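Written below as structure tokens is the structure these notes are about.
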């Protein structure tokens, strides 16, 4: 049941920042609080489970679209022990489609343009090459592994349709909520959808020290789905709510007796006001 949670922990840690006044409707400050409820709705087996089921460092890239009007932001994800490897006279070089992703995060970000995201990273078969040199556990001086996998197109939420800043926080009824996105017919992994509430509502005096997160899997990447009502459990009327839609791919090669989790993913966020009661 925890399989799909880890990917969102990764995404939120490396790229998601929604706690400033500028990211909140009508100047409402969103305050991060301790989680009070977390539920994983699906039990459907999925490749996304490899983020937790397999051990080893994560290597790849994550791209976030903070809202419908925001730019895509690329964040490389590198092994946490990269520096300790070098201090042990071991070097790990990593490339994806010929681009060195073991360079510093700032350098990789500055070297990537919007066109690079489309042409080099997403909607493509990406070839990862891992090369480890030095005093290896295996007794060799060098080991190399090559992995090719399809990374789905950058995901984008297209309905509810947001075209202006005034529309950034639409009012959405929870029952039979239809979400639409740009489909990728070559993606066989489906998507993960998460709904979060950080305790803020538009009701006067209604803010609470609360954090709700519900997670589900959309099995078919056909561009639309009616969301499970359970995704909105424990979230009150007129709550400032966030939907995150994510798709990607992951493989787990082993080099020098260490399993690495190679991945590429993108996720789009829809901030909205959840409506439970429609007043006539």
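Nothing in this text is a laboratory measurement; each read-out follows from the coordinates by a stated rule. The structure presented is a predicted model; accordingly, all values stated were derived computationally and were not measured. Virtual Cβ from ideal backbone geometry, glycine too; neighbours counted across all protein chains shown.
Assorted remarks:
- Mean separation of Cα contacts under 8 Å (6+ apart) over length of the stretch 118-267, as relative contact order %: 26
- Normalised contact order of the stretch 147-234, rounded percent, pairs of Cα under 8 Å and 6 or more residues apart: 32
- Listing 95, 230 from fewest to most neighbouring C-beta atoms within 10 Å gives 230, 95.
- Fully extended contour minus Cα-Cα distance, from residue 171 to residue 137, at 0.36 nm per residue: 6.6 nm
- Label point of residue 238 set 7 angstrom out along Cα-Cβ; within the stretch 157-180, amide nitrogens under 17 Å from it belong to 169-174.
- Our summary gives the stretch 141-184 a relative contact order of 51 percent, counting only alpha carbon pairs under 8 angstrom and 6 or more residues apart.
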